[in-house]
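To keep things clear, I will list the structure first and then write my remarks on it.
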Amino acid sequence: MLDILQYEFIHNAILAGIIVSFASGIIGSLIVVNRMVFLAGGIAHTAYGGIGLAIYFSLPIFLGASLFACAAALLMAFITLNQRHRIDTFIGLIWAVGMALGIILVDLTPGYNVDLISYLFGSILAVSKDDLIYMGGLLFVIVILLFIWYREILAVSYDTQYASLRGINVKFFYTLILVLSSLTVVVAIKVVGLILVIALLTIPIYIAEKLSSSLAGMMIKSGFISSTFTLIGLAVSYNYDLTSGASIIMVSAVGFILFLIGSKILNRG
Amino acid sequence: MTILNIKDLSFSYSKDSVLENINLSIEDKDFLAIIGPNGGGKSTLLKLILSIEKPKSGSIEVFGRSISKDIKNIGYVPQNTNVNTDFPIKVIDVVLMGHTRSVFSFGYSDLEISCAKEALKQVGMEQFLDKKIGDLSGGQRQRVMIARALSTHPDILFLDEPTASIDVDGQKMIYDLLKELNKSITIVVVSHDISIILGYANKVAHINKNIVFHDISQQQKQTINKANDGHFCEVEMLQMLGKCRC
């Protein structure tokens, strides 16, 4: 099995898996503690509109999808901050429309026949050097922003109203979290695909939350747990010739169930 | 010294007015209880004072200045401290949120940490500072929230239903703590728990769109205490306060 390590695409896949695991571990923690999982799901699916747009205008996929997902995140931030009623309905609407737009744009692209499945379920084995640079750059930006604004982000996430009373610009940080989520979702699509992105943003996070007593600790632990699941999933996918994204999620699900059983037994004993 | 002065305040969310012609003034080291029925506007009044909502007409002055977002000398303990208990955060980090930084710095300064520890000591929770907030009882968590409000050394402390979801022993502990704090700062409590709060407050404002204000610091309080055989229902209470509508 070790002989697979000589291939460059395997190196890229492993690196991408680790980078995306840490990005999604950090951002997933913010999404979970801010109860934005449904919002993140909406953004993930809306991002397909950006993929369609990028294919139609022959732009780089990451660029098209990132810009489109950012726009969707800003729109969702605007709606959730200003519209108190039926927010979930609006998210559902943006979710479906983004996806439909992507599919129609792909239909309209002449001679196009790239496989939709690779965006739905990820294509970690097809990660290029450029993709890696983009992913690494994003993780770097996320870490820097957290270093600068950890206190404010923590305050807004824990108690929004109190943070606003203390003069913190809640709307800015809420929007920032959503925009960073949208960018992370786009790179996670490359690894596990947009259907499964939510699992990557929730399963390792749930386990890490139970094991942590600080938000920063939760983020780091999520990154390690997610990396473990991703690398095991990758190995399973290679050995049994299975779809990589789905394998990663199944490994995560097994890990999740083992964690639940383990913590039940420990609590009883 | 007048700490809080509200003049002809009116407010409405949409067409129907929530508060009409509220006039209220409290002095240094008062203990004001704001009572009234659900939907009567108690919490809205608090939101207006804290400038979460803007008044439609009238004025609110705190320490002789009209209110703004810069409210360092105001402490606030929100309602529902039992939400978000899964959040991975330690007691000390919750208290540290009371501070916001004016200049950029990494982490928390020594001064901020010592203020937070001091505040935890004041509420008797210093031994819990490394505990996860979710592992505390409702009453303990409420005391941590009070510590968070105290960490910036406020001159006035607002509490919104501080004992709503706490058992009887915990409630008494909270009110005894507030009584102790009242020796040095002004306290305003929004509560429907009138039977308990009357033992501690020296002023009562009954809010139901309009305000009925009672100064019960002297003789009136004795009458109430005499009649109070441990329990007081809101109807009895309102009947009694109604009699002396001064």
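A few notes on this one:
- The protein assembly as shown - convex hull of alpha carbons, volume per residue in Å³: 177 Å³
- The modelled label-to-label distance for the pair A:LYS171/A:PHE140, using points 7 Å beyond Cα in the direction of Cβ, is 3.3 nm.
- Under-5 Å amide H pairs with B:LEU157, H placed in peptide plane, nonlocal only: B:GLY75, B:THR186, B:ILE187, B:VAL188
- Remark: mean inter-chain Cβ contacts per residue of A:204-217 equal 3, using a 10 Å Cβ-Cβ cutoff to other protein chain atoms.
- By the compact-protein rule of thumb, 2.2 N^0.38 Å, the alpha-carbon radius of gyration of the stretch A:146-214 corresponds to a ratio of 1.29.
- Simple rule: put +1 on each Lys or Arg Cβ and -1 on each Asp or Glu Cβ in the stretch A:2-268, find the dipole, and look at A:GLY64, A:LEU120, A:LEU154; the Cα lying farthest toward the positive end is A:LEU154.
- Among A:LEU30, A:LEU120, A:LEU178: highest mean-square fluctuation, GNM of chain A, C-alpha pairs under 10 Å: A:LEU120
- Size of electric dipole in the stretch B:85-153: Cβ of Lys, Arg +1 and of Asp, Glu -1, about Cα centre, debye, nearest 20: 140 debye
- Rule-of-thumb Rg ratio for the stretch B:1-97 [Cα; 2.2 N^0.38 Å; N residues]: 1.24
- Orientation-averaged projected area, Cα convex hull of the stretch A:6-69 (nm²): 5.2 nm²
- Subtracting the Cα-Cα distance of A:GLN6 and A:ILE257 from their residue separation scaled by 0.36 nm leaves 87.0 nm.
- Compactness index (Cα Rg / 2.2 N^0.38 Å), the stretch A:2-268: 1.00
- Sites B:HIS153 and B:ASN23, calculated FRET efficiency, Cβ-Cβ separation with R0 30 Å, nearest 0.05: 0.55
- Each Lys and Arg Cβ is given +1 and each Asp and Glu Cβ -1; about its Cα centre, the protein assembly as shown then shows a dipole of about 820 debye.
- In plain terms, the C-alpha convex hull of the stretch B:85-153 casts an average shadow of 4.5 nm² when viewed from every direction.
- Residues A:PHE224 and B:ASP16, FRET efficiency given R0 of 56 Å [Cβ-Cβ distance, rounded to 0.05]: 0.55
- Sites excluded, chymotrypsin sites (Phe, Trp or Tyr not before Pro) in DSSP loops with at most 13 other C-beta within 10 Å, longest stretch of chain A: A:113-269
- Largest first, the three principal axis extents of the alpha carbons in the stretch B:1-52 are 37, 20, 19 Å in whole numbers.
- Fraction of the pair-distance distribution of the stretch A:89-162 above 20 Å, Cα-Cα pairs, percent: 64 percent
- Residues B:ASP215 and A:PHE147, FRET efficiency given R0 of 60 Å [Cβ-Cβ distance, rounded to 0.05]: 0.70
- Normalised by residue number, the volume inside the convex hull of the Cα atoms of the stretch A:89-230 is 143 Å³ per residue.
- Viscosity 1.306 mPa s, temperature 10 °C, Stokes-Einstein D of the stretch B:99-200 from Kirkwood C-alpha radius, µm²/s: 109 µm²/s
- Over chain A: helical MRE at 222 nm, DSSP H runs n ≥ 4 each giving -39500 (n - 2.57), nearest 500: -27500 deg cm²/dmol
- Stretching A:ALA126 away from A:LYS210 to a fully extended chain increases their span by 26.8 nm, per 0.36 nm per residue minus the current alpha-carbon distance.
- Positive-end extreme of charge dipole, the protein assembly as shown - chosen from B:ASN5, B:ASN84, A:GLN6 (charges on Cβ): B:ASN5
Values quoted throughout were computed directly from the atomic coordinates according to the rules given, and no laboratory measurement underlies them. No experiment lies behind these values; they were computed from the predicted model shown. All Cβ positions, even for glycine, are placed from backbone atoms using ideal geometry, and neighbour counts span all protein chains on display.
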